[in-house]
1. Calculate one ³J(HN,Hα) per residue across region 243-249 by plugging θ = phi - 60° into the Karplus curve 6.51 cos²θ - 1.76 cosθ + 1.60, and present them in order as whole Hz with x for glycine and proline.
2. Quick check for you: with a 1.4 Å probe and neighbouring chains kept, what is the accessible area per residue of region 132-201, in Å²?
3. Could you name the aspartates and glutamates whose alpha carbon sits less than 14 Å from that of Lys545, not counting residues in the same chain fewer than 8 places away?
4. What is the sum of charges, Lys and Arg at +1 and Asp and Glu at -1, for the other residues whose Cβ falls under 15 Å from the Cβ of Ile156?
5. As a quick test, which of the pairs Lys166/Lys638; Lys158/Lys237; Lys116/Lys638 have an alpha carbon distance above 28 angstrom in this structure?
6. Compare the peptides 175-183, 10-18 by average per-residue count of other Cβ atoms within 10 angstrom and give them in order, highest first.
7. Could you give the size of the charge dipole of the chain about its Cα centre, using +1 on the Cβ of each K and R and -1 on the Cβ of each D and E, expressed in debye and rounded to the nearest 20?
8. For the chain, what does the helix formula give at 222 nm: sum of -39500 (n - 2.57) over DSSP H segments with n ≥ 4, over the residue count, nearest 500 deg cm²/dmol?
Amino acid sequence: MIRRLLIANRGEIACRIIRTAQSLGIHTIAVYSRADRQAQHVLLADEAWFIGESAVNQSYLCSDKIITVARSARADAVHPGYGFLSENADFARTCAQHNIIFVGPDEYALQAMGNKSQAKAIMQQAQVPLVPGYHGNEQAPQRLQSEAAKIGYPVILKASAGGGGKGMRIVAQDSQFMAALDAAQREAMASFADAHMLVEKYIAQPRHIEVQVFCDRHGNGVYLFDRDCSVQRRHQKIVEEAPAPGLCDTLRARMGMAAVNAALAIDYVGAGTVEFLLDCDDEFYFMEMNTRLQVEHPVTEMITNEDLVAWQIAVANHQVLPKSQTQLTCTGHAIEVRIYAENPQDDFLPATGVLRAYLPPETSSDVRVDSGVIQGDEIGIYYDPMFAKLICKGRDRQEALQRCQHALQQFFIAGITTNLRFLQDILAHPAFVTGKVSTHFIADHTEHLLPQKFTPPPQVIVAFAGLITGSEYAAQQKRQQAQTVAHSINANIPAYWRSNLAHSQLLQVQVNAETNTKSNSDTTGIFTLNITNDSQIQERRHSIKILANDDKSYQVSVEPSTQQHHYIASIDEQRIPMYACQFAEDQWSVLHSGQQYTLTIVQADHGVQSGAQEHAFTAPMNGTVVHIPITPPCQIKKGETVMIIEAMKMEHNIVAPNDGKITEVYFAAGALVSGGATVVNFIAEEDI
Ligand code: ADP
């Protein structure tokens, strides 16, 4: 029996595992890196051990350090979560050698499925349908190219050791093959230290459908239905749902059985996911098997009403599966959205920063938030930028969708650029609403998904102006009342309270509609407000008069509520509740009626600040130079790549915005560059 469980992971998944383990009466042991000293998983666990520096290869990927802690802390089992060591056969073996239960499949299954090429060979034998392609050992570039020609373009190159969409390139035609192979191999080498590739037919407009399987050590195997994970960016899932919409019962059962057969073919034990591509003719093809708990497992938990971590622990304890196939039921529908610190408008570039505000929606049996952060936490450069998941259930898909949309509108996050707005736009898109999505959904609908320019109603700007200039009196009142309230709102009193506001003051507010970062250049407009302190104190509320540039005059008062960041504005007869948080000098995030805005205070006499920033030839973020495809001095054309930088485990290309000449490259391959640094000396065509 597992009594002491070490969780070899961090973030939301570590917290999620700790919760189930504690509910089963198991003592939980966390491990943490320097950056995670105050992380939620550390605070939540019954005990926590430091394992090294922040970089993953000095902490969460160090199997020897984790084994040492497991032994010192007398852990009898290790749960690896997902990512990190979860699919590492050597780690599973080392655990076994030290008599520590690895909560996952045996070393052999990890090895067999850990390599996409080998997995395909095994599945071919088990007669599971495969995507046509080459998964052999010969790796000479010419051989791979001739296999691609045999399969017929377009093809997809994949790192055999791959995962998370890394080391993967779609190749449209023969002339692009070698460059794509080079890039895929380089990324594979950097991420997995293994450049072995497989080539597959690139299936047009497929859906990504996966089946959750579970096997015990007594020869039982079941499937816990399916999930549709077609909505992806950079080949990574961001919206998942269960069950997959629109599948007929026979197809569902055929896929379920194929998945169980795939698992039984390798004597699988524990939780696993068999991933298929489903084409337009309802033919499905095995893609790979993930030998761990998936990020998206909560949607399956919602529709089956089972706790998959509890199942994993039962299987690890050599018990039989908690339920047989016929006992399992699928009720209702569940949708998960992954909340990332990233900028969808800048090619999903990961974002970093401090969560100045983090207010998730209220949870219930139908609304679940799995997260590893709280307000004040920092999202740094070291780990995956996904920091929370929202999962909603409904009696049917429509209800689940509506609940998820509503909950997303309640999420208030300030200080870090997130994909919240992007997720809202996905869920509102007619193709998603009708369940007609393929893996190309995001690419096909980019212009509808990236936020449109929209102008907030003037009342929101007026309420905001009232908040930052007017209500000193109300604030003082609240401060006095709040003295006994544990969650003091004092820290949240805006910096713009003016007790001695001049008789009349001009304020300009610039609206960035979609993200809460300083670097956002997409502005929707400037609002000019003339604020008059008419010193009316009515019902103990201080109100001000605002003349907005719609030429209307508003009487405004604003009061903080007892909830942090929450304010109620009264504008004439209208009540405007809003969330507001200052996250930088002169910059605020404001959420009203499900829409979040970034508002920048522009002083009238300073003129309008330029939101636009020149990104050309600057590193998008801190990273390492991995490749410089040019040798200066040289001519370059618009769109040509001048440098490739790796940051947060992804490659980022720096491309020329115009034709011109590069006279010098300031960084060598292998060098570290800081975000914002200019990397080359460029002379534009017209200046030559
Ligand atoms: P990873 O393990 O890196 O996540 P997968 O093999 O699971 O890689 O593929 C990730 C995604 O890439 C799939 O969900 C699908 O969208 C796309 N993909 C993979 N193989 C193919 C293919 N043969 N044809 C079309 N799309 C594919």
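1. x, 4, x, x, 8, 7, 4
2. Per-residue accessible area for region 132-201 comes out at 42 Å².
3. List returned: Asp534, Asp572, Glu573.
4. +1
5. Correct reply: Lys116/Lys638.
6. Order by mean packing, descending: 10-18, 175-183.
7. Values: 54 positive and 73 negative charges, 270 e Å.
The calculation lands at about 1300 debye.
8. On the way: 18 runs with 174 residues, N = 688.
-7500 deg cm²/dmol, from helical runs alone.
The values are calculated or read from the model by the stated rules, or taken from the named source; none is laboratory data. Please read all numbers here as calculations on a predicted model, not as lab measurements. Glycine gets a Cβ as well: all are built from the backbone with ideal geometry, and neighbour counts include every protein chain shown. We work out accessible area using only protein heavy atoms, side chains counted, and drop any ligands, DNA or RNA first. Shrake-Rupley method; radii C 1.70, N 1.55, O 1.52, S 1.80 Å.
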